[in-house]
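Presented below is the structure to which this report refers.
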Amino acid sequence: MPKISAQASRERRANIMNAARRCFVRSGIHISVDDICAEAGVSKGALYGYFPSKEAVIQAIADEHVSDLSRVRESKSAGELIAALLERLGDSRTSGRLELEAWAYSLKNEKLRNRLFENATELRSSITQALENIGKDRVSGASSLAEAALLIETVAMGLVARAALGEEAEAERVLSLVISGIVRD
């Protein structure tokens with residue numbers, strides 16, 4: 001049997017992860033491997049060829065979630081930071097459900113809990129970098145950029161949770177209120 005190309009392997013892995021995301025959003029994170037396989041159109045053997053367990057699929061999704069915060073980090077104005085954070089929120093009802101499921105699941109899975117904590121820390125670090133780009137002299141309302149970044153991160157995570165629970169908050173308006181209270185024009 002011929003080996004598949006590296007590109008085809010990456011595509012199959014991505015297909016499994018995307019199928020898992022859809023299943024988790026639709027039915028919760030406690031679905032079975034069979035459900036993921038059916039959604040992806042692959043056998044259990046194929047899934048296990050890429051991931052040793054369902055937990056490994058969840059971990060890979062969490063790892064990927066933080067993979068690109070460059071737009072947040074490179075923001076040079078309050079408007080750019082708001083736009084970058086809104087982009088990260090994405091379809092907040094869908095991504096929010098997945099995030100809440102992962103947060104709850106991580107209470108019993110230390111490796112995932114550590115990854116989610118690292119993700120939050122990386123987001124906060126990226127927001128801190130954006131605030132540095134905007135200019136320390138324009139940031140008020142907190143004794144340090146790190147505190148201001150923590151406030152913004154906390155609001156962003158709260159928006160994710162509210163959306164997942166079915167209350168679509170006006171994310172842009174809320175982020176604008178918070179960031180305009182922190183960054184002076």
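The values are calculated or read from the model by the stated rules, or taken from the named source; none is laboratory data. Being a predicted model, the structure only gives us computed values, none of them experimental. Cβ sites come from the backbone with ideal geometry, for glycine too, and all protein chains shown count toward neighbours.
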Report task. Kindly indicate which of Ser140, Ser126 is more than 20 Å from Ala60 (Cα to Cα) and either surrounded by fewer than 18 Cβ atoms within 10 Å (Cβ to Cβ) or of a type in the set (Asp, Glu) (or both). Result -> Ser140
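Out of Gly79, Gly49, report the one residue that is free of Cβ contacts under 8 Å to residues at least 24 places away in the same chain and closer than 29 Å to Arg124 by Cα. Talk me through it step by step, then tell me what you get.
On the way: Gly49 fails: closer than 29 Å to Arg124 by Cα.
Just one listed residue meets the conditions, Gly79.
Could you check how many residues of the range 34-49 are more than 11 Å from Ala20 (Cα to Cα) and surrounded by 19 or more Cβ atoms within 10 Å (Cβ to Cβ)?
Pass one, the range 34-49, residues more than 11 Å from Ala20 (Cα to Cα): 41-46, 48-49.
Then keep just the ones that are surrounded by 19 or more Cβ atoms within 10 Å (Cβ to Cβ); that gives none.
Selection size over the range 34-49: 0.
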Query raised in the report: Just checking, which of Arg113, Arg124 is charged (D, E, K, R) and in contact with an Asp or Glu (Cβ under 6 Å, 6 or more places away or on another chain)?
Result: Arg124
Query raised in the report: Does Lys54 qualify as being of a type in the set (Lys, Arg) and over 22 Å from the mean Cα position of the chain (by Cα)?
Result: no
Report summary line: Taking the range 117-167 and keeping residues polar (S, T, N, Q) and out of contact with any His (no Cβ under 9 Å at 6 or more places or on another chain) leaves Thr121, Ser125, Ser126, Thr128, Gln129, Asn133, Ser140, Ser143, Ser144, Thr154
Report task. Report yes if some residue within the range 54-72 is in contact with a Cys (Cβ under 9 Å, 6 or more places away or on another chain), surrounded by 14 or more Cβ atoms within 10 Å (Cβ to Cβ) and outside the structural domain of Ala163 (by TED's automatic domain parsing); otherwise report no. Result -> no
Requested in this report: Can you tell me which residue among Glu87, Glu118 is outside the structural domain of Arg22 (by TED's automatic domain parsing), in a helix (DSSP H, G or I) and within 29 Å of Arg173 (Cβ to Cβ)?
Outcome: Glu87
Query raised in the report: Among Glu80, Glu122, Glu167, Glu99, which is the only one that is at pLDDT 90 or above, closer than 29 Å to His30 by Cα and either more than 16 Å from the chain's Cα centre (by Cα) or of a type in the set (Asp, Glu) (or both)?
Result: Glu122
Requested in this report: For Ala149, work out the one condition from (1) touching a residue at least 24 places away in the same chain (Cβ under 8 Å); (2) assigned to a loop (DSSP other than H, G, I, E, B) it doesn't fulfil.
Outcome: (2)
Report summary line: For the range 163-181, the count of residues that are buried (at least 16 other Cβ atoms within 10 Å of the Cβ) and touching a residue at least 60 places away in the same chain (Cβ under 8 Å) equals 5
Report summary line: Here the residues within the range 133-159 that are modelled with pLDDT of 85 or more, of a type in the set (Asp, Glu) and over 20 Å from Leu86 (Cα atoms) are Glu147
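Of these, Ser43, Ser27, Ser32, Ser70, which one is of a type in the set (Ser, Thr, Tyr) and either under 22 Å from Glu118 (Cα atoms) or touching a residue at least 24 places away in the same chain (Cβ under 8 Å) (or both)?
The conditions single out Ser70.
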Report task. Would you check if there is a residue in the range 77-84 being hydroxyl-bearing (Ser, Thr, Tyr) and more than 18 Å from Ile16 (Cβ to Cβ)? Result -> yes
Query raised in the report: Got at least one residue in the range 22-30 being closer than 16 Å to Gln59 by Cβ, at pLDDT 95 or above and surrounded by 12 or more Cβ atoms within 10 Å (Cβ to Cβ)?
Result: no
